[in-house]
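Quick one: this structure, given as C-alpha cells, is what I'll be asking you about.
The values are calculated or read from the model by the stated rules, or taken from the named source; none is laboratory data. Keep in mind that this is a model prediction, so the values were computed, not measured. Here the Cβ positions follow ideal geometry from the backbone for every residue, glycine too, while neighbour counts run over all protein chains shown. Note: areas computed on protein heavy atoms with side chains; ligands, DNA, RNA excluded. Shrake-Rupley method; radii C 1.70, N 1.55, O 1.52, S 1.80 Å.
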Amino acid sequence: MKARKVKGLDPAESLAGNAERIVLVRLDELCGFMPQASDPDEVVSLHDMRIAAKRLRYILEITAPVFGDYAETAVRMTKDLQDLLGEIHDCDVQIPEVSEFLNGLIAADAGAIVEAAGDAADLDPAAVRQAAHRRDHAGLVALLVHLRARRDLLFARFLELWQEYERKGYRARLEYAVSERSAAAGDGSLTTGGETAG
C-alpha cells in the first residue's frame, strides 16, 4: 500500500503544524480501512490497515511530546492494533503456505500409489497405508486447524479492539490533541518540545 501524500508541508512552519498535517493524514489513512477490514475475507485490507497503523505509530512516536498525553496513549493503542493485525497477517500468510505444502505431499503420495497400483482396475483403500507422507498429513492438517482457529480468534479480538477504540473516541481524541497543540504552537505559545514558551 502506497502512503497517501501529505499536502501543505512547509519547512518554515512550526514542527507542530507540519506534524499535525502528517498525523491527520496517517490517522485518516488508518481509519479509512473500516468498515471494509471488518470483513474477515478482506485479507489485503487487513494487511494494508496494519501498514497504515505502523506509519501512524512511527509519526506519533516522533511527535507525541509535541501533542501531549493523549498522543502518548495513542502510540500505545496504535502499536497494540498494529501488533494484532500483524498476528492476523502471519496466519493469512501461513495458512496458504501450509495448505500448498500439504497438497504437494498428497499429490506426491497419490502419484506413488497410482504407480504402485500398476494395471489394477481399481485402488484398494488400504494402499494409502503405503503413502510415504501419511504421518505428515495428520500433522499438517492439525497445524491448519490451529492456524485457522487462531486466525478466527485473533480476528474476533481485532473487531473487539476496534469497537473499544471507537467507544473511547480514539480518532476524535487524537484529532483534537494534535489540532489543539498545533494551534497553540502556531501562535508561539508552545516550543517544539511541547512546553509553554516564556
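Output the residue which, of all residues in the range 1-27 that are at negative phi and among the small types (G, A, S), is most open to solvent (accessible area, probe 1.4 Å).
A12
Sticking with this one: Given the criterion open to solvent by 20 Å² or more (accessible area, probe 1.4 Å), in contact with a helix residue (DSSP H, G or I) (Cβ under 6 Å, 6 or more places away or on another chain), touching a residue at least 24 places away in the same chain (Cβ under 8 Å) and part of a helix (DSSP H, G or I), identify the matching residue among L84, L56.
Of L84, L56, the one residue that is open to solvent by 20 Å² or more (accessible area, probe 1.4 Å), in contact with a helix residue (DSSP H, G or I) (Cβ under 6 Å, 6 or more places away or on another chain), touching a residue at least 24 places away in the same chain (Cβ under 8 Å) and part of a helix (DSSP H, G or I) is L84.
Another question, then. What are the residues in the range 28-45 that are surrounded by fewer than 22 Cβ atoms within 10 Å (Cβ to Cβ) and in a helix (DSSP H, G or I), if any?
D28, E29, C31, Q36, S38, V43, V44, S45
Only one of (1) open to solvent by 30 Å² or more (accessible area, probe 1.4 Å); (2) without any contact (Cβ under 8 Å) to a residue 12 or more places away in the chain fails for A64. Which number is that?
(1)
For the structure I just gave you, tell me whether A52 is modelled with pLDDT of 95 or more and within 24 Å of V178 (Cα to Cα).
yes
Could you list, in sequence order, the residues of the range 1-27 that are aliphatic (A, V, I, L, M), in a loop (DSSP other than H, G, I, E, B) and within 30 Å of V43 (Cβ to Cβ)?
M1, A3, V6
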